[in-house]
Amino acid sequence: MRELEKIVAVGDRRFLLRVETSHESEKYRMYEDLRNEIWDFPDDRLSGTRNMMCENVFHEGGSLFIGAFVEAPGGGFAAAGENLVGFCYGFVGVRDKEIGFRERSNLRFYSQYAGVRKAFQSFGLGIPLKEFQREMVRGILGVSTVICTYDPLTGVNAHRNVRHFGMDVLEYRVATYGEYGGLLNRLDVPTDRFLMSWDLERKAGRGGPAYDFDAALAAPQPIRAGRRRITGKSSELELEVVEKADANLGGDVLLVRIPLDFYRMLQETDVADADVRRIPIDWRLATREIFQDLFARGYRVVDFRKAKGSVPGNYYVLSRPVPPNR
């Protein structure tokens, strides 16, 4: 079995990444406390501490709890709640219910939660945390596929999952979690999600078809966006708004634009003005139509890119198989 912890340096700080093995149920409360601090939605919770302990793979279950603990100012690490700044959690499941657990190739690990405390989100701790999860899923559980969901409008997650780790989009799911509020969601914005698959045996990063990003950027795109100045919840600001959505475009490569910072958009448009509140809803409905249509026509997400310069933007790169006779 591999080592169950390691120290990583991110920026000017050091963090201890550690698999939870405790047999004391109260030790698991810190994960629920941090989950609620990050998402700020008490109605969506982890199971009780006793159940979390029992479901741990080091006890009677098949789940993994991994914590990221910040180094104390004077040095040293303490695996305690006040030092827990990030965590990820998931469990083993099966792809084909008829096969169940009878074949190892049918197993997959569902990564349900991954989050970092707000004060530490600028460190990029999410990537080493997920990399350590990959090591532990392969080394402890012997599972080579991870699945997860994320909001397709969140660029930070798209960059990590699609571009950095090379995960594949399996499907587009509509309103996956029903009404879901808190800091990172809003009750009136449908909780659409991408279902992702991560092949842990494959080298990280994108290895898809070659494409000309600048040419695709200059061509007509399914989402045309503009900018609008609004009075937001905390300040005056400019936000990207959907001007037009066209699901009928074709071509070997298409770019689907999403907001630069959807989390900020959700929070700043949470005001009484109904027209302002609609901005993230318009993004959700427009991109939902585009992704569903393009996926039905055989397009697949092959990359995620950030355009810089005078008109910055976040873009999914979609491609479709080239016919054999071309």
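The values are calculated or read from the model by the stated rules, or taken from the named source; none is laboratory data. Nothing here was measured: the structure is a model prediction, and the numbers come from that model. Neighbour counts are summed over all protein chains in view; Cβ atoms, including those assigned to glycine, are modelled from backbone coordinates with ideal geometry.
Restrict the check to the range 222-235 and report whether at least one residue is touching a Ser or Thr at 6+ places or on another chain (Cβ under 6 Å) and either small (G, A, S) or surrounded by 17 or more Cβ atoms within 10 Å (Cβ to Cβ) (or both). Within the range 222-235, not a single residue is touching a Ser or Thr at 6+ places or on another chain (Cβ under 6 Å) and either small (G, A, S) or surrounded by 17 or more Cβ atoms within 10 Å (Cβ to Cβ) (or both).
Among the residues of the range 24-36, those identified as closer than 15 Å to C88 by Cβ and not basic (K, R) are Y28, M30, Y31, E32, L34. The set of residues in the range 201-260 being of a type in the set (D, E, K, R), under 23 Å from the mean Cα position of the chain (by Cα) and modelled with pLDDT of 95 or more consists of E240, R257. Number of residues in the range 155-180 that are closer than 23 Å to L17 by Cβ and assigned to a loop (DSSP other than H, G, I, E, B): the value is 3.
If the requirement is being more than 22 Å from the chain's Cα centre (by Cα), within 19 Å of Q133 (Cα to Cα) and either aromatic (F, W, Y) or modelled with pLDDT under 95 (or both), which of these qualifies: M1, M52?
That would be M1, the only listed residue that is more than 22 Å from the chain's Cα centre (by Cα), within 19 Å of Q133 (Cα to Cα) and either aromatic (F, W, Y) or modelled with pLDDT under 95 (or both).
For the range 1-33, filtering for residues that are in a loop (DSSP other than H, G, I, E, B), of a type in the set (A, V, I, L, M, F, W, C) and under 18 Å from G81 (Cα atoms) leaves 0.
When the range 197-214 is limited to residues that are outside any strand (DSSP E or B) and aromatic (F, W, Y), the one that is surrounded by the most Cβ atoms within 10 Å (Cβ to Cβ) turns out to be Y211. Selection within the range 175-196: residues that are of a type in the set (F, W, Y) and buried (at least 17 other Cβ atoms within 10 Å of the Cβ). The member of this set that is modelled with the highest pLDDT is F194.
Candidates are the residues of the range 289-301 that are surrounded by fewer than 21 Cβ atoms within 10 Å (Cβ to Cβ) and over 15 Å from V174 (Cα atoms); the one that is nearest to the chain's Cα centre (by Cα) is R300. In the condition set (1) among the aromatic types (F, W, Y); (2) outside any strand (DSSP E or B); (3) in contact with a Pro (Cβ under 8 Å, 6 or more places away or on another chain), F194 is compliant with all but (2).
For the range 8-43, filtered to residues that are surrounded by fewer than 15 Cβ atoms within 10 Å (Cβ to Cβ) and among the acidic types (D, E), the residue that is modelled with the lowest pLDDT is D43. Of all residues in the range 304-323, those being among the β-branched types (V, I, T), surrounded by 15 or more Cβ atoms within 10 Å (Cβ to Cβ) and assigned to a loop (DSSP other than H, G, I, E, B) number 0. Flag: I147 does not match the condition of being within 12 Å of the chain's Cα centre (by Cα) and within 16 Å of V70 (Cα to Cα).
Of the residues in the range 87-109, none is at pLDDT 95 or above, in contact with a Cys (Cβ under 8 Å, 6 or more places away or on another chain) and among the aliphatic types (A, V, I, L, M). Looking across the range 231-275, just one residue is over 30 Å from D214 (Cβ atoms), touching a residue at least 60 places away in the same chain (Cβ under 8 Å) and among the acidic types (D, E), and that is D270. Counting only residues that are within 22 Å of A175 (Cβ to Cβ) and part of a loop (DSSP other than H, G, I, E, B), the range 271-288 holds 0 of them. If you go through the range 194-215 and keep only what is of a type in the set (A, V, I, L, M), in contact with a helix residue (DSSP H, G or I) (Cβ under 9 Å, 6 or more places away or on another chain) and closer than 22 Å to F291 by Cβ, you end up with just M196. Of the candidates S105, S111, S144, the single residue that is of a type in the set (S, T, N, Q), in the same structural domain as N56 (by TED's automatic domain parsing) and loosely packed, with under 15 Cβ neighbours inside 10 Å is S105.
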